[in-house]
Structures are given as C-alpha cells and as structure tokens.
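First up is the structure itself, then whatever we jot down about it.
The values are calculated or read from the model by the stated rules, or taken from the named source; none is laboratory data. What you see is a predicted model, and the numbers here were worked out from it, not measured in a lab. Cβ sites come from the backbone with ideal geometry, for glycine too, and all protein chains shown count toward neighbours. To get the accessible areas, we keep the full protein, side chains included, count just its heavy atoms, and leave off ligands, DNA and RNA. Shrake-Rupley method; radii C 1.70, N 1.55, O 1.52, S 1.80 Å.
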Amino acid sequence: MNRKIRLGILFLTGLFVSFAISNISNAADEVAKLTTAPEVPPALSRAGGANVTVELETSEKKGTLADGVEYTFWTFGDTVPGPFIRVKAGDNVTFNLKNSGTSKNIHSIDLHAVTGQGGGAKATQTPPGGKTAFFFKALNPGIYVYHCATAHIPTHIANGMYGLILVEPEKGLPKVDREYYVFQGDYYTKGKTGEKGAQAFDVEKMRAEQPTYVKFNAMATPGNLKANVGETVRLYVGNGGPNLTSAFHVIGEIFDTVYQQGAVGSEPAKNVQTTLIPPGGAAIVEFKVDVPAAYILVDHAISRAIDKGAVGILEVTGAEVPQIFKPLKVGGADAGH
C-alpha cells in the first residue's frame, strides 16, 4: 500500500472518529429522573442518543415489613423496590453508584439492560462511603430488572435490593392514561408470619425457599393505585425473588396486552388472565378499566396473597356500567373479593 493511500485511510479514520465523538458530545445531556414505587417517570418525548447520567445510592434502612413487623431492608435509594429508571434505546448512560457511609456491607448493581461484564456489577463493588461508576449504551428496548450482585448475592436480593429500568423503544410505547410500578419480592424472617417486633433475616429459610412474607412494593407509601372508568392502565411488574415465580393477576380484569418477559419489540400477547414472571424477570401489562371497582392485584399462587401479603389495590372510580357488569342477587355474607 503506497504512502498516499495510507495517509488517506488515516485521514478518513480520524474524520470518522471525530464525527462519532462530536455526535455524542452534541447529544442532549440530562440527569435521569427517578421515581419511587408506584410512580413512573413520564414518557420520553425526545429521540434516543442522549447522554444520560443516573445517580443512585445504596443504603441499609429499617422499615415496616408487615403490621407490627420491623425489618432492616437493604435498598437502592432508601426504598424497596429501588427507584424506577427510564431511558431510551440508543442513550449513552453514565451510571454513578454511591454506597452510604452508614452501610455495613459492600453493595453493587447488575442491570439486566446492560451489555457488558456483570451488567455493571464488576465495576460497582462499592464499599461503605465509596463511589463507583461505569458507562453503557442502552441497546435493547424493554423492561429490565436490576439488583445487587455482591456476595452473598441471594442475601442482598432477599433483603430488597432490586428495581426496574425501562429502555423505551425509539418510537416510544403506545400512549396510556396511567402508568404504575409494581415489584414483588419474597422475604425470610426468623419469626413466623405475623410475629410482631423486629425480625432478623433467616438465611436457612431462604435456602429452603420457604418465605415468611411475599410482598408488592414492600417499602412503598401505603395507598391504592388510582384510575377512572374508561382509562387504560399500564403496569410495569417486576419480580426480585430471590426464589419464587410470580403468577401475576388482577382480580376482576383481563390484560388486554402483555409484553411477556418484558419483551418490547416482540408481538405482545392478548386477552391474558394471569402472566408468569420469573425471579429476575419483568412484564408489562395493559388493560382498559370498564367498570368501577376495587381491583385486587395478587400473586395467584393464592396463599401468598391471602396469608403472606402479596396484594395491592387499583381503585377505579366512575359511573356504573350495567351493560358490562351488575349484581343480580347478592348473598348476605361479607366475604369474597
């Protein structure tokens, strides 16, 4: 290869690299807005390719696991589940992780949306009071779980270290009226279900896969999700496990659309009654609420709902719609759902 050709190739290569760097540096810069369950950040109206910074802190914090039951959760952002993160396909993400100085343990993060070593976990083994960071490009749209991946990994997850990250497709998701964030986890305490007072984590119960509690949004502010008759609701539903597969169901509703396994871009399922969500998995479910009711969110492995706490409420208000539903002869017992 003669000298002129080599110089030409080097010039074009340099031009290409400069153009690529210029494109990244000229992209919009933003700090990701994070929300705590059940709230979801607003849809992103911009194109992908922005330079996005995510700031997240791990901590160990006492909270209420059940009525009269205190538990020390290990958290992202002082909450279980951790904050909802929303970016767009093509975004250049700088992820900054801080571990509170009051933590007793090293913590890290593995985001299932990340293509790279450990989903970021190897780069973010963060000691108490420390800070770590890494970069990733959001390549694949979908809803993904993130969790701590520091040894002993099952213990970190069982204590509440998980959340969801949404990578919106380039054209966004179809518009809906309401979006909510729901995350299931199984918990293992030394005391029996319902035993009052401060409860310690029981590693042997966890290994035996015998949870004391199964909860939605374990540390979220109490209160019902809200919607009005005629609105379309989208739920982003995650399952941290560490052990149980969720049979997610909304009593009195049918899911019009389900992105199974959170697979945005695949053909969604239609008219689904219950969807399975494995540990470390997620799904997006959508449905129009046609009549007023208190719709009950459950894991339909139903003893988990009735006896261990895996329950939530979507309160739908509005005028009755007797052409869709009306009681004809009501029994006297105040039971059922």
Kindly indicate the residue of region 204-231 that is within 24 Å of the chain's Cα centre (by Cα) and among the aliphatic types (A, V, I, L, M) and also most open to solvent (accessible area, probe 1.4 Å) among those meeting that condition.
-> MET219
Hey, HIS152 open to solvent by 30 Å² or more (accessible area, probe 1.4 Å) and either more than 27 Å from GLU168 (Cα to Cα) or of a type in the set (Ser, Thr, Tyr) (or both) or not = yes
Considering each of VAL330, VAL316, VAL311 in turn, give the residue that is β-branched (Val, Ile, Thr), open to solvent by 50 Å² or more (accessible area, probe 1.4 Å), touching a residue at least 60 places away in the same chain (Cβ under 8 Å) and farther than 24 Å from PRO141 by Cβ.
-> VAL311
Take region 120-147 and flag every residue that is within 20 Å of the chain's Cα centre (by Cα), part of a strand (DSSP E or B) and hydroxyl-bearing (Ser, Thr, Tyr).
-> TYR144, TYR146
Conditions: (1) modelled with pLDDT of 95 or more; (2) in contact with a Gly (Cβ under 8 Å, 6 or more places away or on another chain); (3) of a type in the set (S, T, N, Q). ASN23 meets all but one. Number of the miss?
-> (1)
Among the candidates ALA283, ALA301, residue that is part of a strand (DSSP E or B) and either among the aromatic types (Phe, Trp, Tyr) or touching a residue at least 12 places away in the same chain (Cβ under 8 Å) (or both) = ALA283
Are any of the residues in region 266-277 touching a residue at least 60 places away in the same chain (Cβ under 8 Å) and closer than 18 Å to HIS112 by Cβ?
-> yes
Which numbered condition ARG234 misses (of (1) without any contact (Cβ under 8 Å) to a residue 60 or more places away in the chain; (2) closer than 17 Å to ALA37 by Cα; (3) open to solvent by less than 20 Å² (accessible area, probe 1.4 Å)) = (1)
Name the residue, out of GLY160, GLY130, that is crowded, with 16+ Cβ neighbours inside 10 Å, in contact (Cβ under 8 Å) with a residue 40 or more places away in the chain and not polar (S, T, N, Q).
-> GLY160
May I ask you to verify whether ASN271 is open to solvent by 40 Å² or more (accessible area, probe 1.4 Å), out of contact with any Cys (no Cβ under 8 Å at 6 or more places or on another chain) and under 24 Å from LEU173 (Cβ atoms)?
-> yes
Positions within region 84-99 being surrounded by fewer than 24 Cβ atoms within 10 Å (Cβ to Cβ) and either polar (S, T, N, Q) or under 15 Å from ILE157 (Cα atoms) (or both), in sequence order | ASN92, THR94, ASN96
